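Scroll down for the structure; my scribbles are underneath it.
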Amino acid sequence: MAPLLEIKDLHASVGNTPILKGINLTINPGEIHAIMGPNGSGKSTMSYALAGREGYEVTGGDILMNGKSFLEMEADERARAGMFLAFQYPVELPGVGGMSFLRAAVNARRIDAGQNEIDQLEFVKLVRAKAKNLNIEDEMLKRAVNVGFSGGEKKRYEILQMALLEPTLSVLDETDSGLDVDALKVVSEGVNLLRDPKRSMLVITHYQRLLNHIVPDYVHILADGKIRRSGGKELALEVEESGYAGINDAA
């Protein structure tokens, strides 16, 4: 089986500060990998480097998806190629209607894949069907993107975007941040509905509680810009019990 994502000796800096110092990771189709680590370990930098966010400069190594390097691709090109990033803090877009935003994103992916654009009526039916699974009511869809949304609503709206775009690789950057128990359960159920043999996910989290709901195949511990330990889901439980102190000391 050919890997879906290959990260090879990835180095990245923010400004003049090196953050990632040699990340190596391979994700096969259908797998869910979790990245855990203390604050400042490089978790969010890793997600932004993968997605191509401005200000996060890759200074060494390579990122390949389906064997193709992403380094020369802009963020929108990576998204159209099948990469999705769920932000830790989704931004508000005043004046941008939710349905228009979602349809534009879906049609951009369809055009890139050589498909016809989806018409308005068909799209409304599609959105309502997907939104129902995430407890998203029509009233939310009529608002500007994320404007006036609670933290839980913003995260559910992001998972709706993911459900509509059907990405090949989803990167969830601390999507549990700021969620109460009920919101976490709803968001996790939405993510689990998208598990697919052809879709992989990289779940970045600070705490083990998210991994009770989205059970990973592999867990990796990031500290001081490198993956220091890898294992199965039991590694997350070990960290929950003993903390990151020993891993930090080793780093």
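Taken together, the values in this text are just the output of simple stated rules run on the coordinates, not laboratory data. Bear in mind that the values here come from a model prediction, so they are computed numbers and not experimental data. FYI the Cβ positions are ideal-geometry reconstructions off the backbone, even for glycines, and counts take in every protein chain you see.
Quick check: from the Cα gyration tensor, does the range 1-40 come out rounded (a/c under 1.5), prolate or oblate? Verdict is oblate for the range 1-40. Which FRET efficiency value, to the nearest 0.05, is calculated for ARG229 and LEU121 with the Förster distance at 51 angstrom and r the Cβ-Cβ distance? Calculated value: 0.50. Note on ILE111 and SER150: the model spin-label points, each 7 Å out from Cα along the C-beta direction, lie 3.7 nm apart. Across the range 9-51, the residues whose backbone nitrogen lies under 19 Å from the label position 7 Å along the beta-carbon direction of ASP62 are 9-12, 21-29, 49-51. Against the chain, whose longest principal axis comes from its Cα atoms, helix 181-193 is set at around 80 degrees. The length gained by stretching the chain between GLU189 and ASP217 to full extension, at 0.36 nm per residue less their Cα-Cα distance, is 8.4 nm.
A simple spin-label model places pseudo-atoms 7 Å from Cα toward Cβ; at ASN24 and SER177 they are separated by 3.0 nm.
Multiplying each eigenvalue of the alpha-carbon gyration tensor of the range 5-250 by 5 and taking the square root yields semi-axes of 30, 21, 16 Å, largest first, rounded to whole angstroms. Here the range 130-157 and the range 178-250 have alpha carbon centers that stand 25 Å from each other. Distant-in-sequence amide contacts of VAL219, defined by a placed amide H-H separation under 5 Å and a gap of 5 or more residues or a different chain, comprise ALA34, GLY231, GLY232.
Tally Lys and Arg at +1 and Asp and Glu at -1 over the other residues with C-beta under 15 Å from the C-beta of ARG110: what net charge comes out? Charge balance near ARG110 sits at -3.
My understanding is that a pair violates if its Cα-Cα distance is over 19 Å; which of LYS130/LYS185; LYS132/LYS155; LYS68/LYS226; LYS198/LYS226; LYS132/LYS154; LYS132/LYS198 do that in this structure? Exceeds cut-off: LYS68/LYS226; LYS198/LYS226; LYS132/LYS198. May I ask for the percentage of alpha-carbon pairs in the range 52-121 that lie more than 15 Å from each other? That tail contains 66 percent of the Cα-Cα pairs.
Between ALA75 and ALA104, the modelled labels are 1.4 nm apart [label points 7 Å from Cα along Cα→Cβ]. Determine the relative contact order of the chain: mean sequence separation of Cα pairs under 8 Å and six or more apart, normalised by residue count, in whole percent. Taking the mean separation of contacting Cα pairs over the length of the chain, I get 28 percent. Each of LEU222, LEU184, LEU172 has some number of other Cβ atoms within 10 Å of its Cβ, and from fewest to most they run LEU184, LEU222, LEU172.
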